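Have a look at the structure below, then the notes.
The values are calculated or read from the model by the stated rules, or taken from the named source; none is laboratory data. Just so we're clear, the structure is a prediction, and the values are computed from it rather than from any experiment. A quick note on method: Cβ atoms are made from the backbone with ideal geometry, for glycine too, and the neighbour counts reach across all protein chains shown. Each accessible area value is taken on the protein alone, full model and side chains, heavy atoms only, with ligands, DNA and RNA left out. Shrake-Rupley method; radii C 1.70, N 1.55, O 1.52, S 1.80 Å.
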Amino acid sequence: MKESKDDLMDIKKTHDIGTLSPSMKGQKVVVGGWVEDLRELGKLTFLTLRDVTGVSQIVVAGTENLQQVKDLTRQSVVQITGAVQESKARDFAYEIKAEKVEILSRAIHPLPIDPLGRLESGIDNRLNARALDLRNQKTASIFKIRHNTLLCIRKVLTDRGFLEVNTPKIIGSASEGGANLFSLKYFDKQAYLAQSPQLYKEQLTLGLERIFEISSFYRAEKSHTVRHLTEFTSVDIESAFMDYTDVMEILEQLIVSVFEHVEKTCIQEQKNLGIEIRKPKTPFDRVTYRQAIEELGKQGLALSFGDDLLDSHLRKLGEIHPGFYFLTEWPLKLKPFYIHEKEDDIEVSKSFDLQYGYLELSSGGRRLHDPVKIKARLLEQGLDPVQFEDHLRAFDWGMPPHSGWGLGLDRLMTVLTQIDNVREVVLYPRDPERLFP
Ligand code: ATP
Ligand code: MN
């Protein structure tokens, strides 16, 4: 069988652009990337070539090579074989004199967006062309920061003795009650997409004590806000033998570690985004629900114990407490059935939200581990204990007291990158209107 040109050509690089330097003068290299810019200047053509590690100038000369780049479009993918040489260009410390130019893939113009951002595109156009949008260095920086955030979370929790687990996303019963589940046909049965790992992570404390999960979860809510998606990434922990205040400490330290890690590791990314990531002030304020409604009362927003805090209330609290703070000890009746009451104040729960100004980042608390109490709470909330049989069985097998939280990773990313819209920090966001690409 005759091999095509594609098969014959070696598409490998000898170097990533980011590893090249002026000290390599005279060295022959093979680089590959996409053409950000090209300028003809008499008998020379200058290409600005970018790969994921950096950007370099390529000087193309000679009839054959010039012919190759004659109709070359921006964003096309090329392979350059050439030698490193000094550059006179202001923006480049060195350049590559091309000996051979191979066009690996042509970009067909007009492109849907300009990834250099010279022509501004709206978020919808950019999301519709997300793959291309990632050639914009600002966009790419968001996802490098996201990667480093995840790396740090895994390291911190692992160091604290938490084991990473994966729980099912296809579930057979509406685990937390909730009308906000997506349902799907599962052969001849009805199934749902998990809205959180809550029940599984609680069960897992029985045998594994300290666990965490980082995964997508699903909420069938028609929320049109900059903080809600129908598919979002949650970081969840659950730990046996810890009270709610213990897991609050872990959450606070985790947030601080993430900020410190990203500040150090994502220097160029901060420049690209025009931001400075700085370690937040600690300890985070701890404001009880009772204090919060008192503060709101003084601002003319009268609330009684038991009233939920609406967006308008959280906005006002966010003005009083800018930055990170914990909102603790919510009325028990506002909390899900699995949340533990305070022993000395049974209307109040051992619960907390982590806020960043008005924005809720995390909810957590101490959980009930007594199945009798759980059944009573299920009935109180109009839920059927029979639906929870599988879950409740585990509570008869020696369930340790436990606490945990769920942290919205996408929302945390908006705080880190100082970008309002959660859609910007998710590769292919899903919201009530957006199901493609
Ligand atoms: P909200 O009141 O803001 O809708 P929630 O209280 O319903 O959030 P929880 O069930 O407490 O959310 O989930 C834990 C965390 O997961 C939230 O604090 C948030 O950071 C994140 N989260 C929840 N729902 C979404 C969503 N639809 N989109 C993005 N993140 C979400
Ligand atoms: Mn919540």
Subject >> C-alpha long axis of helix 289-298 to longest principal axis of the chain, angle in ° >> reply: 80
**OP:** Under 1.5 on a/c is rounded, so check that first for the stretch 147-251, then, if it is not, pick prolate when a/b is larger than b/c and oblate when it is not; a ≥ b ≥ c are the square roots of the alpha carbon gyration tensor eigenvalues.
**Re:** prolate
**OP:** Would you work out if the stretch 1-119 is rounded, prolate or oblate? Take a ≥ b ≥ c from the square roots of the eigenvalues of the alpha-carbon gyration tensor; rounded if a/c is under 1.5, else prolate when a/b is larger than b/c, oblate otherwise.
**Re:** rounded
**OP:** Sort out the exposed loop GluC sites (Glu not before Pro) in the chain (DSSP loop, at most 10 other Cβ within 10 Å) and tell me the longest stretch that has none.
**Re:** 121-275
Original post:
What order do you get for 44-52, 406-414, 278-286 when each peptide is scored by the mean count of other beta carbon atoms within 10 Å, highest first?
Top reply: 406-414, 44-52, 278-286
Original post:
Which value, to two decimals, describes the C-alpha radius of gyration of the chain once divided by 2.2 N^0.38 Å?
Top reply: 1.22
Original post:
Carbon-plus-sulfur fraction of the accessible area of the stretch 1-72, 1.4 Å probe, in percent?
Top reply: 53
**OP:** Excluding Glu213 itself, calculate the net charge of residues whose Cβ lies under 14 Å from the Cβ of Glu213, where each Lys or Arg counts +1 and each Asp or Glu counts -1.
**Re:** 0
Original post:
In the stretch 322-409, what percent of the accessible surface is made up of carbon and sulfur (1.4 Å probe, ligands and nucleic acids excluded)?
Top reply: 51
**OP:** Only helical DSSP H runs with n ≥ 4 go in: add -39500 (n - 2.57) per run for the chain, normalise by residue count and round the 222 nm mean residue ellipticity to 500 deg cm²/dmol.
**Re:** -8500 deg cm²/dmol
Original post:
If packing is taken as the mean number of other Cβ atoms within 10 Å per residue, what is the order of 17-23, 57-63, highest first?
Top reply: 57-63, 17-23
**OP:** Determine, for each peptide in 179-187, 151-159, the mean count of other beta carbons within 10 angstrom over its residues, then list the peptides with the highest first.
**Re:** 151-159, 179-187
Original post:
Size of the dipole of the stretch 5-105 about the Cα centre, Lys and Arg at +1 and Asp and Glu at -1 on the beta carbon, nothing else charged, in debye to 20?
Top reply: 280
Subject >> For the chain, built as a Gaussian network whose Cα springs stay under 10 Å, the top-fluctuating residue of Leu132, Leu416, Leu41 >> reply: Leu41
**OP:** Find how many whole Å separate the alpha carbon centroid of the stretch 166-204 from the alpha carbon centroid of the stretch 12-30.
**Re:** 51
**OP:** About the Cα centre of the chain, how large is the charge dipole given +1 on each Lys and Arg Cβ and -1 on each Asp and Glu Cβ? Please answer in debye to the nearest 20.
**Re:** 1540
Subject >> Per-residue ³J(HN,Hα) for the stretch 249-254, Karplus 6.51 cos²θ - 1.76 cosθ + 1.60, θ = phi - 60°, Hz, x for Gly and Pro >> reply: 3, 4, 5, 4, 5, 5
**OP:** State the answer as a single residue: which of Thr328, Leu8, Asn136 lies farthest towards the positive end of the charge dipole of the chain, with beta carbon charges of +1 for Lys and Arg and -1 for Asp and Glu, about the Cα centre.
**Re:** Leu8
Subject >> the chain: antiparallel DSSP beta bridges as a percent of all, rounded to 5 >> reply: 90
Original post:
Hey, what's the stretch 5-105 come to in accessible area per residue, 1.4 Å probe, Å²?
Top reply: 56
